[in-house]
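The values are calculated or read from the model by the stated rules, or taken from the named source; none is laboratory data. Small disclaimer: the values here were computed from a predicted structure and weren't measured. Counting neighbours? That spans all protein chains shown, and the Cβs are built from the backbone with ideal geometry, glycine included.
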Amino acid sequence: MNENEDEAATFCDSTASLVEGCRMPVRMQGGDDWPLAEIISIKEVRGQREYYVHYVDYNKRLDEWVEESWLDTRKVIFPRRDGAPAAGTTTPKKTHIGSGGGVMPTFLNDSFCSEIQKSHSNRETHSIPPKQPEKTHINHTPNGSSLPRWNLAS
């Protein structure tokens, strides 16, 4: 953690006060590393609280559910009350294609888009019928039956 985060970090004597958005060192499963992680979600399973954490500056595929014992509550950074992210970087949320929440790239501004729409609306539309197969001749199979032979006109 850097100096700013050390100043904002507080000792948390109970995990009951932890909320989504809190950041603290969390032991990463499969190793002895304690990277800074942010609590994404909290659930209770059989009377025990579990925390879904995202390790800051790590790929989100490493996000995982951890038990209370994996949290270092001596260095908790609580989320800011104004809704702004805590110190450090934040992980962008995944956007789904076609969800309507996408943002158009800045190089495609309104005037450019309107020009494209005008040029497309001024074009004449011609419908081209799909190619239809034509029967050319009949092949006889060795057993004497006839099968039509199809040929696509080019």
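How about the range 9-35: which of its residues are part of a strand (DSSP E or B) and of a type in the set (A, V, I, L, M)?
Within the range 9-35, Met24, Val26 qualify.
Check Glu50, Glu44, Glu38 and return the single one that is modelled with pLDDT under 95 and in a strand (DSSP E or B).
On the way: Glu50 fails: modelled with pLDDT under 95; Glu38 fails: modelled with pLDDT under 95.
Of Glu50, Glu44, Glu38, the one residue that is modelled with pLDDT under 95 and in a strand (DSSP E or B) is Glu44.
When you scan the range 94-105, do you find a residue that is touching a helix residue (DSSP H, G or I) at 6+ places or on another chain (Cβ under 6 Å), modelled with pLDDT under 95 and of a type outside the set (D, E, K, R), even just one?
Among the residues of the range 94-105, not one is touching a helix residue (DSSP H, G or I) at 6+ places or on another chain (Cβ under 6 Å), modelled with pLDDT under 95 and of a type outside the set (D, E, K, R), which makes the answer no.
From the residues in the range 45-83 that are surrounded by fewer than 17 Cβ atoms within 10 Å (Cβ to Cβ) and of a type in the set (Lys, Arg), which one is nearest to Cys22 (Cα to Cα)?
Going through the qualifying residues, I end up with Arg80.
So which residues in the range 16-52 are hydrophobic (A, V, I, L, M, F, W, C) and either farther than 18 Å from Leu62 by Cα or in contact (Cβ under 8 Å) with a residue 40 or more places away in the chain (or both)?
Ala16, Leu18, Val19, Cys22, Met24, Val26, Leu36, Val45
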